[in-house]
Amino acid sequence: MDRRNENILNNIDIWTIGLYIALVIFGWVSIYGASYNFDDSDFWDFSQRFGKQLVWIGCSVVIAAVLLMLDVKIYTTLAYVIYGFFIILLIVTLLVAPDTRGSHSWLVMGPISLQPAEFAKTATCLCLAKYMSSYGFTMKNIRQMVVMCLIIFVPMLIIVAQNETGSALAYLALFLVLYRQGMTGIVLLLGVCAAVFFVVSIRFGATPIVDSIPGENLGMFAIMIMAVVIALSMVYFYYKDKTLVKTISILGVSLFAVGIIVYNYLDVKIKFSYLAYIVVGSLILYLLSQAIRQRKWGYFLISIFVAGSIGFGHVSDYAFNKILQPHQQTRIKVTLGMENDLKKSGYNVNQSMIAIGSGRLTGKGFLQGTQTKLKYVPEQDTDFIFCTVGEEHGFIGTTAVVVGFLALMLRLISLAERQRSLFSRIYGYCVASIIFFHVAINIGMVIGLTPVIGIPLPFFSYGGSSLWSFTILLFIFLRLDASRKEYMME
Amino acid sequence: MINDSNDNRRYTISLIMVAVCLIYIIRLFSIQIVDKSYLEQSQNNAYLRKVIYPSRGLLTDRNGRLIVFNKSAYDIMIVPREARGFDTLAFANTLGITKADFIKRMGIIKRKSGYSPYVPQLFMSQLSDEEYGPVSEKLYKFNGIYVQKRTLREYNYHNAALALGSIGEVSKKQIEADDFYQQGDYAGQNGIELTYEKVLRGEKGEEILLRDSRGRVKGKYEDGKYDKKPVPGKDIELSLDIELQKYGEELMNGKIGSIAAIEPSTGEILALVSSPTYDPSMLVGRKRSANFAALSKDPLKPLFDRPMMAQYPPGSTFKTAQALVLQQEGIITPNTAYGCQHGFHAGALSVGCHGHESPLNLKHSIQHSCNAYYCCGFRSMIDNRKYKNVSEAIDVWKNHIVSLGFGYKLGADVPNEKRGYIPNSSVYNKIYGENRWKGLTIISLSIGQGEVLATPLQIANLGATIANRGYFYTPHLVKKIKGGEIDSSFITRHNSTIDPKYYDVVVEGMELVMISGTGYYSRIDSIAVCGKTGTAENPHGKDHSIFMAFAPKDDPKIAISVVVENSGFGATWAAPIATLMIEKYLKGEIPKRRKHIEQRLLEANLIKE
Ligand SMILES: [Zn+2]
Ligand SMILES: [Zn+2]
């Protein structure tokens, strides 16, 4: 080994490597638990998923080693070429891929099937990092903003066309990177609000606020409360206008206190949504008056946000129920885990929560899980692998995994921040964001907090494409980090 | 390391990550530590989902005779994960197989794509009542063995195999195309069983059973609250007259060809014979695949649905259609007469004809099937100055012929229907150059030879159109669906582009065919039959004999086409078969005078060994 390579090995961040190895091993143990069979009769040749995963892990080690050996300059030099190649590959895949349960995302070459969408994430991160670190790039240039968004949305849309909506959504995580690079936080806030309001308005659109009073809409009610809370926080953070916050809070709390008393003790059927409208109305009027009196645009914009949120809630409720076809509605409901019959995804979530819940503090022990074995959840060792952790290793196991991922993400951020090159820093944030999105959505889905979107848990879920793509994503960054002192890349 | 104004955002981002993870840990704490209900649920929460298959819709004929019904069959399923520690030898003995057999079968199961040790796998399929009865008690003792009851088809009549179709295990393609199916399910693979699969199959039911951690069934989940009852498939009343169908198959025995019979007033198919045929029960049960392989290798192609898929030049039967088009275009009237000197002669070109008086008017030209008449008429249409050029003339002609049901699929409810072929101007312009051809160049079209092709069903449909004096309904095999409706396309009247008044003379000509023309030998004394013989030229051997007819002349009840391959002239074989079919359908029996004809036909074997 020459001096340079030796130098790199010395500079590799062992914390990240350690966390990576720990997560991969824990992942393999879980797959083993999910697919292991006790029988050893001579004629039962049981599925060997854990065996195959071992092969994928072996390959990952080789891939990681190769990535660390490569000259660090190729990542910056070839970023656009790699991106272009993957865009073409995604389109080709869309055209030639066989129909696999409705999705056209697998390239089948003999015995090997690969999902280019998984690897395209790395390409997109490299490309985005290269573009945003290029000389003269600024968040204020509209043309550059458009190109930046295109870099993210083009692969995303192709993947949506491949019918892999889950994989495509992961690209949204890159907006965290844009935020770090100076994009206003409002975009992030509005994006999250839109997603949450949409889900809430559909999921609770037909639920009454109080069981005994039909005709009211819990979804809308929740959106109003959330909008008011967010608006008040903004007023507090930007203008420190304690009077406004206090006034509206007191108004809201007292109105509802009176409402609940009247409802409970006087048995009057109050429309709680009217109370919410009173609060929202007063807030908007107050904001507008502040905007005029103090000549501050911000108040006006916040009042727009409140009104817009209510409007958005109504529009998405209307669009969902009146414009979409029944089969489209069903598809969205299934994605949101609302089809609670025993057959659809609602069943899977219910089952996975039972499996996790039955693990208690310490779990049933390695290979002792019955829930994850006896009953049939199709994605037992892929999207729902976290169940096995919960059942066999209990709260200690699940917390360890969550903390492990958190440690990895925080470590990646701290590595990113110590880079001298902007390219490396942006790329590092890309890696952390993508891992964060996957972990948040996957675990959230399994414990019933987020919609059922089929994306793998990094390093855990069974499958070569997923493991390799995360390995590549991570080790390119480790390679960049190892050279942080040698190269000033710009 | 790089200074920028957004440095503090690293903390915001970190904070978001920490917050999400914290929420998840709290949630996990509540699920795993606080809430004890999940543990309870887990203890009685291993499901066995048992599919309950609906019974498939029955098929009856137009007179209510039951043709196809169901019988039970039992699939032995194994859940490998649960089939622990049982006596393999005893299990094999129970089913009457060897232990080696057992190991082999398990090997095959495990190599199937989509194999999972947790879901029931098909171990042995379609045990009959007799086979299953004795072992049912013993099977209970084996862990992980389930019996799946299914329905197979059984036949009261061993006829109409291709029209009825059969059911078979679903292909990978069918599973991917339709969520309804799972591996090992059965679905219609051809014929009515395929076309009306969604009507016949019903809806699956499901029973959810609880199991303990060792896989033993403990009872119904929540007292069957989530169980779903199967919805049986809808019964179908076919338009077939199964006795007529059977008679047709007997008449066609020993011959290659087809019979298509239609009720003109509705388009309902009365009989659809493809010969040689086979017994539909050959394709049921475990012998299905072996029999299917044997049938597909048979050089006489019994799996080829001749009335729907065979395409022949319609020969002289096509002259009736020509007579209609020529009248509509004003080229001829019923009184137009053309001379015939043993055929049509123009320069070097000659189309021969047989001896008959000359000249003939339209009615008699049909009666004697005069080639010269139609060559002259067709030529004067194509070369007529009233059209811009020959291309326009042939396209006008083509549109009329298409309106009579030729050239495109009729849209019957039998899969794989072929469309036949009617050429248009671009075909000839491509061969001869833009308008560098004339009536003489394509003269063989006039007598139904040359480029034109028709299926036997289309020829029968022409008979129905003439019988109706100008319209037809799309031929179809299904008369009624119990609790459903038949496709609206089957009750939509298709009018031809020929004025109804031009049909009468063609009908009279066809009547003369039977009274004193080419069909005389096959006449029926008590029924006014209208017919037309035809001969399809066969470049590969002896010509095909064709006959098209309908009866009675007024208020027709049946229109029919018969094709007997390699049998020569239409009058010899096809015509008597057609009139026997008509007589059988309208009278129910064959009178003494014609018994010897029936006998001759039943016994004739025209297939060379
Ligand atoms: Zn005559
Ligand atoms: Zn003649």
Test: residue in the range B:560-579 that is hydrophobic (A, V, I, L, M, F, W, C), buried (at least 16 other Cβ atoms within 10 Å of the Cβ) and in contact with a Leu (Cβ under 6 Å, 6 or more places away or on another chain): yes
Near pairs, Cβ below 6 angstrom, 6+ apart or cross-chain, from the range B:364-393 (closer than 18 Å to B:G519 by Cβ and within 14 Å of another protein chain (Cβ to nearest Cβ)) to any residue that is more than 16 Å from ligand 2 (Cβ to nearest atom) and among the small types (G, A, S): none
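Those residues that are more than 9 Å from ligand 2 (Cβ to nearest atom) and either of a type in the set (A, V, I, L, M, F, W, C) or in contact with a strand residue (DSSP E or B) (Cβ under 6 Å, 6 or more places away or on another chain) (or both), I need them from the range B:360-371; list them, please.
Answer for the range B:360-371, where residues must be more than 9 Å from ligand 2 (Cβ to nearest atom) and either of a type in the set (A, V, I, L, M, F, W, C) or in contact with a strand residue (DSSP E or B) (Cβ under 6 Å, 6 or more places away or on another chain) (or both): B:L362, B:I366.
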Condition check for B:K418: within 16 Å of B:Q327 (Cα to Cα), more than 14 Å from chain A (Cβ to nearest Cβ) and either outside any helix (DSSP H, G or I) or within 14 Å of ligand 1 (Cβ to nearest atom) (or both): no
Check on A:I225, on the phi < 0 side of the Ramachandran plot, out of contact with any Gly (no Cβ under 9 Å at 6 or more places or on another chain) and in a helix (DSSP H, G or I): no
Filtered residue count, the range A:351-365, keeping only those that are part of a helix (DSSP H, G or I) and either in contact with a strand residue (DSSP E or B) (Cβ under 8 Å, 6 or more places away or on another chain) or within 9 Å of another protein chain (Cβ to nearest Cβ) (or both): 6
Some residue of the range A:423-440 being buried (at least 21 other Cβ atoms within 10 Å of the Cβ), at pLDDT 85 or above, facing another protein chain (nearest Cβ under 7 Å) and more than 20 Å from A:S466 (Cβ to Cβ): yes
The range B:347-357: number of residues that are near ligand 2 (Cβ under 8 Å from one of its atoms) and more than 23 Å from B:Y521 (Cα to Cα): 0
Conditions (1) in the same structural domain as A:R425 (by TED's automatic domain parsing); (2) assigned to a helix (DSSP H, G or I); (3) not hydroxyl-bearing (S, T, Y); number of the one not met by A:K140: (2)
Helices (runs of 4 or more DSSP H) fully within the range A:379-490 counting 1 or more residues that are free of Cβ contacts under 8 Å to residues at least 12 places away in the same chain: A:385-417, A:422-446
Counted residues, the range A:260-296 - those being in contact with a helix residue (DSSP H, G or I) (Cβ under 7 Å, 6 or more places away or on another chain) and either among the polar types (S, T, N, Q) or part of a helix (DSSP H, G or I) (or both): 15
The range B:331-346 - residue that is in contact (Cβ under 8 Å) with a residue 40 or more places away in the chain and more than 9 Å from ligand 2 (Cβ to nearest atom) and, of those, nearest to the other protein chains (Cβ to nearest Cβ): B:I331
Among residues of the range B:426-472, those that are outside any helix (DSSP H, G or I), farther than 20 Å from B:Q311 by Cβ and touching an Asp or Glu at 6+ places or on another chain (Cβ under 8 Å), counted: 3
Residue within the range B:247-260 that is in contact with a Lys or Arg (Cβ under 6 Å, 6 or more places away or on another chain) and more than 30 Å from B:L122 (Cα to Cα) present: yes
In the range B:490-519, residue farthest from B:D235 (Cα to Cα) [restricted to those that are loosely packed, with under 15 Cβ neighbours inside 10 Å and in contact (Cβ under 8 Å) with a residue 12 or more places away in the chain]: B:S516
Options A:I151, A:I225: the member that is under 24 Å from A:Y80 (Cα atoms) and touching a residue at least 24 places away in the same chain (Cβ under 8 Å): A:I151
Count of the range B:332-367 residues which are more than 16 Å from ligand 1 (Cβ to nearest atom) and surrounded by 20 or more Cβ atoms within 10 Å (Cβ to Cβ): 2
One residue from A:I356, A:I310, A:I304 being at pLDDT 80 or above and touching a Gly at 6+ places or on another chain (Cβ under 7 Å): A:I356
Test: residue in the range B:504-523 that is more than 14 Å from chain A (Cβ to nearest Cβ), of a type in the set (G, A, S) and away from ligand 1 (no atom under 16 Å from the Cβ): yes
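The values are calculated or read from the model by the stated rules, or taken from the named source; none is laboratory data. This is a predicted model, so every value here is computed, not measured. Glycine gets a Cβ as well: all are built from the backbone with ideal geometry, and neighbour counts include every protein chain shown.
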